[in-house]
Amino acid sequence: MAKKVAKKPEKKDKKRKQPPPALRELLRIPEADAVDLSSYDSRATPGGPKDKATALAATTRLAEHLTGAQERLYASSTAGDTRRILLVLQGMDTSGKGGTVKHVIGHLNPAGCRVRAFKTPTPEERRHPFLWRVRRALPDSGEIGIFDRSHYEDVLVARVRELVPRRDLGRRYGQINRFEQGLVDGGVTIVKVFLHIGYEEQRARLLARLDNPDKHWKFSPSDIDDRALWPDYQEAYELALHRCSSAAAPWYLVPADRKWYRNWAISTLLLEHLEALDPRYPQAGFDVEEARQRLLAMP
């Protein structure tokens, strides 16, 4: 009787599962294309957790990784590493710039952060070129700088409110690009985030501020004036995002109607950029064992 030969199991041609794209690739605004904000869903959650509860848990875990990476970046500066990060937050009123500072940056060590909220220029600031006050607020080596509004106000509000002649305004885009390229060349990683909030969501958040006396300090009647100019601001943002998104300093669009997604997305973007820098703790510049023996020998 012929001996049965066991058949070898057939190899299944399984395609390897590709890892999901980095969020900075997913949210990055293409450099060459004109920007149409109406084509972006402000309630979308690209690449994000499936729901709010999952996102909150993920953001908490991200905070732990962020604090560790921030400490390494700061520590590396003590050994001469000049690298630092600048997070630029732009968006319409109520889009979550302050909320990001509170819920994302609030987890970091304040000793290694520099937060600056750019408001209406002071009389002294008006006497200087528009980038003067921005240069004075830049992070030092090893720091994470956060701009709540930024130099982009000078091509956004200035354009919508016609605060400067149009020919001067046109030159500012090039000045911004050269300024940012210089920062990158000097060791600054720029993370520019546009918080994309929807028109109806903004109305709901403004009404919530009016309904809560504890939030009245955050409201100004001028917010309604700016809302009336919504189409003009959208056009100004589209132009700024298009003309000032470069390989060195791209723009990232974060849908901001869902606060939990906004916080998760910006935490993830920051961590991805920190991990790309890969800062390391510096080696001791002294004899560790000798220091140990001296310490143990002391009464």
With label points set 7 Å from each Cα along the Cα-to-Cβ direction at Arg178 and Arg135, the distance between them in nm comes to 1.2
To the nearest 20 debye, the chain has a Cα-centred charge dipole, built from +1 on Lys and Arg Cβ and -1 on Asp and Glu Cβ, of 1260
Row for segment 86-237, column shape: gyration tensor on C-alpha, a ≥ b ≥ c, rounded if a/c < 1.5 i.e. under 1.5, prolate if a/b over b/c, else oblate; value oblate
Of the listed pairs Lys52/Lys102; Lys119/Lys259; Lys97/Lys218; Lys119/Lys192; Lys52/Lys215; Lys52/Lys259, those with alpha carbons more than 20 Å apart are Lys119/Lys259; Lys52/Lys215
Here the net charge surrounding Glu272, from other residues whose Cβ is less than 13 Å away from its Cβ (Lys, Arg +1; Asp, Glu -1), is -1
Cα-based Rg then Dmax for segment 43-170, in Å, read 17.6, 50
One finds the C-alpha centres of segment 85-133 and segment 158-172 to be spaced, in Å, by 22
Around Lys52 (Cβ within 10 Å, Cβ-to-Cβ, excluding Lys52; K/R +1, D/E -1) the net charge comes to +2
For segment 64-106, the Kirkwood Rh over every pair of distinct alpha carbons, in Å, works out to 12.3
The whole-number value in µm²/s of the Stokes-Einstein translational diffusion coefficient for segment 168-248, with Rh from the Kirkwood sum over alpha carbon pairs at 25 °C and 0.890 mPa s, is 159
Expressed as a percent, the accessible surface of the chain that is carbon or sulfur, using a 1.4 Å probe and the full set of protein chains, is 52
Ordering 173-183, 210-220, 247-257 by per-residue average of other C-beta atoms within 10 angstrom, highest first, gives 247-257, 173-183, 210-220
Quick calc, segment 160-259, dipole around Cα centre from Cβ unit charges on Lys, Arg (+) and Asp, Glu (-), nearest 20 debye, gives 200
The chain, convex hull of Cα, quarter of hull surface, nm² -> 29.4
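The values are calculated or read from the model by the stated rules, or taken from the named source; none is laboratory data. Fair warning: this is a prediction, and the values are worked out from it, not measured in the lab. All Cβ positions, glycine included, derive from the backbone under ideal geometry; neighbour counts span all protein chains shown. Only protein heavy atoms, including side chains, enter the accessible area calculation; ligands, DNA and RNA are left aside. Shrake-Rupley method; radii C 1.70, N 1.55, O 1.52, S 1.80 Å.
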